[in-house]
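Report on the structure given below.
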Amino acid sequence: MDGEYVDALVATAPDGIAFDDLHVAHNGGGYTFQTPNVDHSGIDEETLRTVAAESPHVRNWYFWHATAPQKADRWAFLRWLEDAEQRDVAERYDALADGIAATWGELHLSVTLSDGERTYSIRHRADADVGTSALAAHDDPLDAREIAKHDDDGGYRPLKTAPSLQTGWTFPELSASEFVTTVDAFYPATVANWHREREGELDVTHWRDTVDRQTGIYGVVKTWDRGDGYEHVNWVAEACCDDSQCLKRREWQYDEETDLDVDGGSGEFPCREPCSLVIAGARQWTKIEGETSQTYEFELTPSEKEQIEDIIDAVADGEADDIREADIYEGANRYRTRFLRAKLFDDEGNLGGVETEQ
Amino acid sequence: MDEALVIAAHGSHLNAESSTPTYDHADTIRATGAFGEVRESFWKEEPSFREALRTVDADEVYLVPLFISEGYFTEQVIPREFRLEDWDPELWDSDGTSATNATLAAEDTDQTVHYCGPVGTHDSMSDVIVQRAESVTGDPDVGEGFGLAVVGHGTERNENSAKAIQYHADRIEERGRFDEVQSLFMDEDPEVDDVADYFESDDIVVVPLFIADGFHTQEDIPEDMGLTDDYRTGYDVPTTVEGHDIWYAGAVGTEPLMADVVLERAADAGADVSSAIEQVREETGGAKPATGD
Ligand code: SF4
């Protein structure tokens, strides 16, 4: 590796180099070599080599052109990580020596410079301060596919960007291209869409177009329509796309002209289209929302009404499992809920003893 | 620029193992180095069909559906979701089991996509079924004294689904290796429930033509055939049912040789992967016996 970057610089100089405050050229009078604190002109190749060998600007130039993946989005992502558009090379190399970190969804990303080379690492952001030896170390980017499959309780994660990534692992030493591959295995296509968005080219497909495209068992979702209203889609977005459920920032709306009233979230990377989980949910909602409402009559005490609200909240917020066994003060406590069922359900399981079909 | 292989599979919102065969076959192919990039993509998981191409650097992509039959998914869903311009099922010129490939442009990425027929209707799929029978019996020469049942869904959702099963059953029967070959279905006659009625041989290998193990292959079919009353308690391979020894193989798609069929599809579409095919055949030719529990 040593010197490769110098050879490359000499070979490229005749074409001219202007990158990250490094300017190199070759003309009749010899080579010119400029960085913010070095300025040579008319030097011969040997001097150029000596100057280049010591220059972080040359290592930097070489990294971005020969080591980093060249696909525009991957490249931009690596530049973003070290804030390359804002910080100059000297500042960046100082920072890199200590390590530069960023967050991507639940990923804690970092890049460190040692011996002039960038090394990347990834772990769960909840493990940011955990000693590396306490984490299971991985070196194959594709291991991320398996890690991403299950949450800490072993539950299957059908949505990769759900905030339920398991903890306890690290990819301590990745090359630049392995690093991007790993991020993409945890959160597929997020780098590509993030980059498109930065370039003003994100191709958002809104709700209406997405459901209109559905066929087969999902074709029915097209019929879920409330005239000019779109509150049902607000409910879908609130149910599924909230930051507590998905770390993508929802950019799709009802249609091109009609924004949803629900916040899209604050994720780093965008969601450009209702995902398959949302469509599968919408299929079920289309079916059950087609029913007409009825009036059921039964009585609840004020505490019972509140308790039902507590239970719905606990399930919707995924907190039902966290309520302690003897915490009888919580409406969604198991004993409280069993008591409510014992009191309010008849033998057929009808709430308030009132049959569902009337 | 390099060429890429993109595998399109169904995936699942509920079953964590649905994607496993896709990952496994992709890894096998990746290891050959035949493509600059190999990418898995899913209808129900991520990367989605909609967004897989943009994660790939190559300008030229071989897109192979890891699906059993031609029809709804391969002719409508995949081309639509991958945004393949000017797709028309006629381009495959297929009778339901003879899909070829078509070269199209992807609307959102401008990549050139060689859209291939599904693995399930490729001729070499017959070899995978036979290999699956070898794996489950642990006998590389299995055939004599054995019946082979190829099991599929039936026509309920896709009329070509039964065609693919029948196609391979016929091809294997013509080879004369097994004493009897029969296609059976889950939701129509001849039904898999009555497997013992359709064979005279004492030993019957049952190979479901499914890509991944899941509800159908692990719960329905074993219970329907009477291998077990409750799939959770497992079953022996073989299990004796009505005097026949049933060697139940589980989903054919988990057989390592499936990677070969993916490569064959790409090769038919012009990918230069002959040495990878050789390598994969060699590596996956001697799979270990599978067990049913
Ligand atoms: S549609 Fe909603 S839940 Fe699905 S990926 Fe986008 S933001 Fe997340």
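The values are calculated or read from the model by the stated rules, or taken from the named source; none is laboratory data. Here the structure is a predicted model, which is why all the values come from computation and not from measurement. Virtual Cβ from ideal backbone geometry, glycine too; neighbours counted across all protein chains shown. SASA here: full protein model, heavy atoms, side chains in, ligands and nucleic acids out. Shrake-Rupley method; radii C 1.70, N 1.55, O 1.52, S 1.80 Å.
Which one is most open to solvent (accessible area, probe 1.4 Å), of the residues in the range A:231-269 that are more than 8 Å from the ligand (Cβ to nearest atom) and among the aromatic types (F, W, Y)? Taking the candidates together, the pick is A:W235. Comparison of A:A326, A:A332 shows that the only residue that is closer than 27 Å to A:H232 by Cβ and more than 16 Å from the ligand (Cβ to nearest atom) is A:A332. For B:G36, the criteria (1) within 8 Å of another protein chain (Cβ to nearest Cβ); (2) over 17 Å from the mean Cα position of the chain (by Cα) hold in every case but one, which is (1). The single residue among A:S133, A:S121 that is open to solvent by 60 Å² or more (accessible area, probe 1.4 Å) and either of a type in the set (S, T, Y) or touching a residue at least 24 places away in the same chain (Cβ under 8 Å) (or both) turns out to be A:S133. Of the residues making up the range B:138-161, those that are modelled with pLDDT of 90 or more, of a type in the set (G, A, S) and under 21 Å from B:D193 (Cβ atoms) are B:G147, B:A149, B:G152. Residues that are farther than 30 Å from A:W194 by Cα, open to solvent by 30 Å² or more (accessible area, probe 1.4 Å) and at pLDDT 95 or above number at least 2 in the following helices (runs of 4 or more DSSP H) confined to the range A:1-85: A:4-12, A:45-53. When A:L277 is tested against the conditions (1) touching a helix residue (DSSP H, G or I) at 6+ places or on another chain (Cβ under 9 Å); (2) within 16 Å of the ligand (Cβ to nearest atom); (3) open to solvent by less than 20 Å² (accessible area, probe 1.4 Å); (4) outside any loop (DSSP other than H, G, I, E, B), the lone failure is (3). Contact map, the range B:36-56: residues that are touching a residue at least 24 places away in the same chain (Cβ under 8 Å) and among the small types (G, A, S) paired with residues that are part of a loop (DSSP other than H, G, I, E, B) and buried (at least 24 other Cβ atoms within 10 Å of the Cβ), Cβ distance under 6 Å, separation 6+ or inter-chain. Pairs shown: B:S41/B:P47; B:S41/B:F49; B:S41/B:A52. Contact annotation: residue pairs with Cβ atoms under 7 Å, 6 or more positions apart or on different chains, pairing a residue in the range A:261-273 that is under 21 Å from B:A52 (Cα atoms) and in the same structural domain as A:G229 (by TED's automatic domain parsing) with a partner that is polar (S, T, N, Q) and more than 8 Å from the ligand (Cβ to nearest atom), are A:F269/A:T190; A:F269/A:N193; A:P270/A:N193; A:R272/A:N193; A:R272/A:T205; A:E273/A:T205; A:E273/A:T210.
Could you list, in sequence order, all residues of the range B:81-94 that are surrounded by fewer than 19 Cβ atoms within 10 Å (Cβ to Cβ) and over 20 Å from B:N158 (Cα atoms)? If the condition is that a residue be surrounded by fewer than 19 Cβ atoms within 10 Å (Cβ to Cβ) and over 20 Å from B:N158 (Cα atoms), then B:R83, B:E85, B:D86 are the ones that fit. The single condition among (1) more than 14 Å from chain A (Cβ to nearest Cβ); (2) open to solvent by 20 Å² or more (accessible area, probe 1.4 Å); (3) at pLDDT below 95 that B:T97 does not meet is (2).
Kindly indicate whether any position in the range B:48-58 is within 13 Å of chain A (Cβ to nearest Cβ), over 27 Å from B:S161 (Cα atoms) and in contact with a Leu (Cβ under 7 Å, 6 or more places away or on another chain). I'd like the intermediate steps shown before the answer.
So the first thing to find is which residues in the range B:48-58 are within 13 Å of chain A (Cβ to nearest Cβ), and the list is B:48-58.
This time we only want the ones that are over 27 Å from B:S161 (Cα atoms), so: B:51, B:53-58.
Pick out the ones that are also in contact with a Leu (Cβ under 7 Å, 6 or more places away or on another chain) and you get none.
Scanning the range B:48-58, I find no residue that is within 13 Å of chain A (Cβ to nearest Cβ), over 27 Å from B:S161 (Cα atoms) and in contact with a Leu (Cβ under 7 Å, 6 or more places away or on another chain), so the answer is no.
Across the range A:180-197, not a single residue is classified as more than 11 Å from chain B (Cβ to nearest Cβ) and more than 19 Å from the chain's Cα centre (by Cα). Among the residues of the range A:221-230, those identified as outside any loop (DSSP other than H, G, I, E, B) and either of a type in the set (D, E, K, R) or open to solvent by 80 Å² or more (accessible area, probe 1.4 Å) (or both) are A:K222, A:T223, A:R226. The requirement of being more than 18 Å from the chain's Cα centre (by Cα) and among the hydroxyl-bearing types (S, T, Y) is satisfied by B:T228. Can you say whether B:I78 is of a type in the set (V, I, T), within 24 Å of B:Q279 (Cα to Cα) and crowded, with 21+ Cβ neighbours inside 10 Å, as far as the supplied structure shows? For B:I78, the condition - of a type in the set (V, I, T), within 24 Å of B:Q279 (Cα to Cα) and crowded, with 21+ Cβ neighbours inside 10 Å - is not met. Number of residues in the range B:59-94 that are away from chain A (no Cβ under 13 Å) and under 30 Å from A:P69 (Cα atoms) equals 9. Of the helices (runs of 4 or more DSSP H) that lie entirely inside the range B:70-189, those containing 2 or more residues that are charged (D, E, K, R), in the same structural domain as B:S48 (by TED's automatic domain parsing) and within 25 Å of A:A189 (Cβ to Cβ) span B:78-81. Evaluation of A:I217 against the conditions (1) near the ligand (Cβ under 9 Å from one of its atoms); (2) within 14 Å of another protein chain (Cβ to nearest Cβ); (3) over 17 Å from A:P163 (Cβ atoms) shows that the sole unmet condition is (1). Scanning the range A:152-192 for residues that are free of Cβ contacts under 8 Å to residues at least 24 places away in the same chain, part of a loop (DSSP other than H, G, I, E, B) and within 16 Å of the ligand (Cβ to nearest atom) gives A:R157, A:S164, A:A189.
Before we move on, is B:A26 open to solvent by 40 Å² or more (accessible area, probe 1.4 Å), assigned to a helix (DSSP H, G or I) and at pLDDT 95 or above? Against the criterion (open to solvent by 40 Å² or more (accessible area, probe 1.4 Å), assigned to a helix (DSSP H, G or I) and at pLDDT 95 or above), B:A26 does not qualify. The set of residues from the range B:197-210 being open to solvent by 10 Å² or more (accessible area, probe 1.4 Å) and outside any loop (DSSP other than H, G, I, E, B) comprises B:D197, B:Y198, B:D203.
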